[in-house]
Structures are given as C-alpha cells and as structure tokens.
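Laboratory data are not the source of any read-out in this text; all were calculated from the coordinates shown. Here the structure is a predicted model, which means the values were calculated and not measured. Virtual Cβ from ideal backbone geometry, glycine too; neighbours counted across all protein chains shown.
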Amino acid sequence: MMTKTPIAILISGRGSNMNALIEACARPDYPARIALVLSNNPDAPGLETARAAGLEAIAIDHRLFPKDRDGHEEAIDKALLDAGVEVICLAGYMRVLTPYLVGRWQGRMLNIHPSLLPAYPGLDTHARALAAGDAEHGCTVHLVTDGVDEGPVLAQARVKVHEGDTEQSLAHRVLEQEHQLYPAALAAFLDRR
C-alpha cells in the first residue's frame, strides 16, 4: 500500500482548489492525504465542505490576534505540527505570510496563483492580463518564499485569451486549469521529494 504524505490545505473562502485536492487525495494511487484544512476565517464556506468530506477542518481567526501576525502564525504552525503535516498547500489563502511561517515551512509550502508568473503577482491578475492585451494567460503552482508570488515555479498551465473575453470569462477558464494543475503539480512535487 502506498504511503501518503500528510498535507494541510490553507483557505480563506470557498476553497475551489481545495475541492480538486480533496478529489485527488481520495484516489488510492495519489501520494498525499489531507491531514488538516485550516482557515484564517471561521466563516469560510470551504471549512464546511472539508468537514462534509470527513476532514479535520479548523479556523484560527486572525482577528483574534490584533497587531500580532507572529502570534497568529505560531498558532497555525502549532496546529500544523499537531496534525503531523509535512507539506502545506495554499488554496485561496488571502493573508500575506510573514517570514516566520514561510521560514518554518521553506521548501514545503506550495501556492497556486492565477497568472503565468513572473507576470502579474498579487491581485487582479485577469484584469491586468486583459488590459495588457496578452494573447495568453494562465496559472502557476510555485513554492512560497518571502516575496509575494516570487518563489520557484513548479508548473504552469496556459489558456488562450479570446477576443471579447471579460475578467469573468477568463477567470473561469483559468480556474478550470487550476483544478487540474494543482493536484498534478503536488503529486510531481511529492514524487521528487
């Protein structure tokens, strides 16, 4: 029987990429199992989705740590270690992490970003790609470093930008690719470990 690496998924909202990872981890031949789903937002719809899938899902509300980002991340780190997590997958986690947590999990924290990095780090990636007149857009899975969306690229998926695309239509096609790319990139990353 395959040994599955215990992972955590960090979310802030509905966690659509989390759903793709849940489906992948349910397969017997997939090299990861979800040990914990964690959110900074107790109202994140993805927490209920995770619980409905039988997963351990908790919130560590960042609002309970006013002006204490390190304290918030120390609580997250403790929860990750208590759950036996070895690799973290950020999936719509909308907090910029401090060097504390990034340093603790260096080389073991992945993120998915809706652009072809290094193009368009940060927010509003679809609007920026359309405004620039790009012929291609897409998504990137990368390792997390101290810089926002600057870590080494693990995998990318490309989509053509169609004439008449809106932010919503482009975002929809990119998200479809994200849901395929993230599980594949995670599996490849774990196989290399």
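Modelled label positions at ALA135 and GLU48, each set 7 Å beyond Cα in the direction of Cβ, lie 4.5 nm from each other.
Treating only the Cβ of Lys, Arg, Asp and Glu as charged (+1, +1, -1, -1), what charge dipole size does segment 23-109 show about its Cα centre? Round to the nearest 20 debye. Walk me through the intermediate numbers first.
Values: 10 positive and 13 negative charges, 30 e Å.
Here segment 23-109 has a charge dipole of around 140 debye.
Considering the dipole of the chain built from charges on the beta carbon (Lys and Arg +1, Asp and Glu -1) around the Cα centre, which of GLY147, ALA57, GLY84 is farthest to its positive end? The Cα lying farthest towards the positive end belongs to GLY84. Highest GNM mean-square fluctuation among SER16, SER115, SER39, for the chain modelled with Cα contacts below 10 Å: SER16. Amide H contacts of ILE88: ALA8, MET109, LEU110, each under 5 Å away and 5 or more positions distant or on a separate chain (H built 1.01 Å from N in the peptide plane; Pro and chain starts excluded).
Multiplying the residue separation of ASP61 and LYS4 by 0.36 nm and removing their Cα-Cα distance gives an extension gain of 17.6 nm. Applying the Karplus relation 6.51 cos²θ - 1.76 cosθ + 1.60 with θ = phi - 60° to segment 95-106 yields 3J(HN,Hα) values of 10, 6, 7, 8, x, 4, 6, 4, x, 5, 10, 3 Hz, where x marks Gly and Pro.
Build a GNM of the chain with springs between Cα atoms under 10 Å apart, and of LEU110, LEU175, LEU123 the one that fluctuates most is LEU123.
What fraction of the DSSP beta bridges in segment 1-148 is antiparallel, stated in percent and rounded to the nearest 5?
20 percent
Site pair SER169 and ARG108 shows an inter-label distance of 4.5 nm when each label is modelled 7 Å from Cα along Cα→Cβ.
Once you have the Cα-Cα distance between ALA184 and ALA127, take 0.36 nm times their residue separation minus that, and quote the gain in nm to one decimal.
Result for the pair: 17.9 nm of gain on full extension.
What percent do you get for the relative contact order of the chain when only Cα pairs under 8 Å and 6+ apart count? About 20 percent, as a whole number. Between amide H atoms placed 1.01 Å from N, distances below 5 Å from THR5 occur with ALA32, ARG33, all of them 5 or more places distant or on a separate chain.
Only Lys, Arg, Asp and Glu carry charge here, each on its Cβ (+1 for the first two, -1 for the last two); on that basis segment 46-161 has a dipole of about 220 debye about its Cα centre. Straight-line cross-link reach from LYS67 at under 17 Å between alpha-carbon atoms covers no aspartates and glutamates, not counting any fewer than eight positions away in the same chain. Normalised by 2.2 N^0.38 Å, with N the number of residues, the alpha-carbon radius of gyration of the chain equals 1.01.
Among VAL161, PRO31, GLN106, which residue has its Cα furthest toward the positive end of the charge dipole of the chain, with +1 on Lys/Arg Cβ and -1 on Asp/Glu Cβ? It is PRO31, whose Cα lies furthest towards the positive end. Largest mean-square fluctuation among ALA24, ALA131, ALA171, in a Gaussian network model of the chain whose springs join Cα atoms under 10 Å apart, belongs to ALA131.
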